[in-house]
1. Starting at the first residue of the stretch 53-60, write each ³J(HN,Hα) from the Karplus equation 6.51 cos²θ - 1.76 cosθ + 1.60 with θ = phi - 60°, in whole Hz, x for Gly and Pro.
2. Provide the gained length on full extension for the span residue 37 to residue 173, in nm with one decimal, where the gain is 0.36 nm per separating residue minus the Cα-Cα distance.
3. If we sort 61-70, 74-83 on the protection proxy, mean other Cβ atoms within 10 Å, highest first, what's the order?
4. Tell me the GluC sites (Glu not before Pro) within the stretch 79-140 that lie in a loop according to DSSP and have at most 15 other beta-carbon atoms within 10 Å.
5. Report the equivalent ellipsoid semi-axes for the stretch 59-139 in whole Å, largest first, defined as the square roots of five times the eigenvalues of the gyration tensor built from alpha carbon atoms.
6. If you look for lysine pairs in the stretch 72-162 that are eight or more places apart or on different chains, how many of them have Cα atoms under 14 Å apart?
7. Just the accessible area per residue of the stretch 11-119, please: how many Å² with a 1.4 Å probe?
8. With r defined as the distance between the Cβ atoms of residue 45 and residue 113 and R0 fixed at 30 Å, what FRET efficiency is calculated, to the nearest 0.05?
Amino acid sequence: KNKNDYINARDSFAFAIELNPNDYLSCYEFGLILDETNKKEVACAMFNKAIKLCPNFYEAYEALGISLTSQGEFEKAIHIYRKTLKKFNKSYELYYNIGMLESEMEDYEKAIDDFKKCVELKPNLFMAYHNIGKLCLALNRYDEAINAYKKITNSTIYGAKAYFRLATIFARKKEYEKHKLEGSNDYYSRSSSSYFDVCLWYSKFAEQSYCI
């Protein structure tokens, strides 16, 4: 979209709202245009107006949370997402977004809990398991990290990294033989030989942990 498209859309939605102040869809769309053009405070006001006019308008809550996040207002965004969960408690996206924000705030315990709630609703969301594993590893909660990474070893995107992390954990725990049994047979088919070589390196130098 070029600048003129945004200006025309903005003016059209502003006129629609002027004609019908209770048009929650126009408020929402107007908010999206304002947010896209970096008028985020006014955009949030439009999202809030859309929510007030239509309390079950999921997309408006989501857009408000995303806009607040882009402004660095993480706590406010989490508050909005939690409020939205009271109406839409089956939304795995909300739990995932909250977990990501809590991770950014280094509130790892809460983030892990919310990612776990996310995968309860969406069991095949590999990136959530990856985040659980990463955060549990940061907290030295090795068994939980192992369980999370084992969930994604068959993923084409996360599988190689999961095996690498598993080897790292076993090396940290000095379970040298265990990491070979768990990972080595699949490394050649699921990952590159360099990953396998690094894992062997870990088995010799378990006290060092780069790439975590």
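1. Per-residue couplings from phi come out as 6, 9, x, 9, 8, 4, 4, 5 Hz.
2. 43.9 nm
3. Descending packing order for the listed peptides: 61-70, 74-83.
4. 106
5. 20, 15, 9
6. Lysine pairs, 8 or more places apart or on different chains, close enough: 12.
7. 54 Å²
8. 0.40
The values are calculated or read from the model by the stated rules, or taken from the named source; none is laboratory data. Computed from a predicted structure; not experimentally measured. Because the Cβ atoms are built from the backbone with ideal geometry, glycine has one as well, and the counts that use them run over all protein chains shown. Note: accessible area is taken over every heavy atom of the protein model, side chains too, but ligands, DNA and RNA are not part of it. Shrake-Rupley method; radii C 1.70, N 1.55, O 1.52, S 1.80 Å.
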